[in-house]
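Taking it in order: structure first as structure tokens, then the write-up.
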Amino acid sequence: MKAQHVSLCLLGTMLFLGSVHARGLRRCLVSMDMHHIEESFQEIKRAIQAKDTFQNVTILATSETLHSIKPLDVCCVTKSLLEFYVNRVFKDHQEVNPQILRKISSIANSFLYMQKALQQCEQRLCHCGQEATNATRIIHDNYDQLDVRSAAIKSLGELDLVLAWIGQNHQGTSTA
């Protein structure tokens with residue numbers, strides 16, 4: 001009977017800690033105004049997508065790639081997406097239009113800010129399961145199949161999918 005009680009207490013503690021961890025992750029992005037980023041993207045979306053010469057190809061594979069992510073892997077995938085856009089997409093994209101460049105720079109700075117906030121919370125352990133690793137690998141593989149310029153344009157054109165996914169998986173952050 002004591003062993004059962006101890007097991008139940010351990011299980012309860014683990015569930016509580018998991019819940020606290022999940023809420024803590026949501027608080028990592030509290031001060032980020034996703035609406036501002038989405039608005040900035042909407043202002044340049046048409047111009048970016050007009051440069052996309054590969055209409056039948058997608059970097060994010062399908063939105064299913066992101067929607068199949070388990071809640072425990074959200075931290076890992078968010079971290080990976082931010083790194084992907086900061087270290088590859090924004091660096092690889094070469095923009096000549098100063099207005100579009102300003103908007104992209106603003107979005108890139110917002111991603112850097114989110115990355116920094118997430119790194120502070122990562123000390124609590126950011127789990128990367130097999131599905132998260134596979135989703136990230138698919139995105140990188142799809143990017144690598146195109147030339148760098150085309151891949152960057154394609155990824156920028158799909159930014160609304162990423163923003164929607166982050167918003168969906170971190171909803172409630174502005175009120176947390």
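Which condition number does Gln55 fail, the rest of (1) in a helix (DSSP H, G or I); (2) open to solvent by 40 Å² or more (accessible area, probe 1.4 Å); (3) at pLDDT below 90; (4) not aliphatic (A, V, I, L, M) being met? Just one mismatch for Gln55, condition (1). Residues of region 113-141 that are without any contact (Cβ under 8 Å) to a residue 40 or more places away in the chain, open to solvent by less than 80 Å² (accessible area, probe 1.4 Å) and farther than 23 Å from Val57 by Cβ: Gln115 alone. Of the helices (runs of 4 or more DSSP H) lying entirely inside region 63-122, those containing at least 2 residues that are closer than 16 Å to Ile44 by Cβ span 98-121.
Against the list (1) modelled with pLDDT of 90 or more; (2) over 16 Å from Leu82 (Cβ atoms); (3) open to solvent by 30 Å² or more (accessible area, probe 1.4 Å), the condition Leu146 fails is (3).
The values are calculated or read from the model by the stated rules, or taken from the named source; none is laboratory data. Remember, it's a predicted structure, so these values are computed and weren't measured experimentally. When we count neighbours, we look across all protein chains shown, and the Cβ atoms used for this are built from the backbone with ideal geometry, even at glycine. For accessibility, only protein heavy atoms count, side chains too; no ligands or nucleic acids. Shrake-Rupley method; radii C 1.70, N 1.55, O 1.52, S 1.80 Å.
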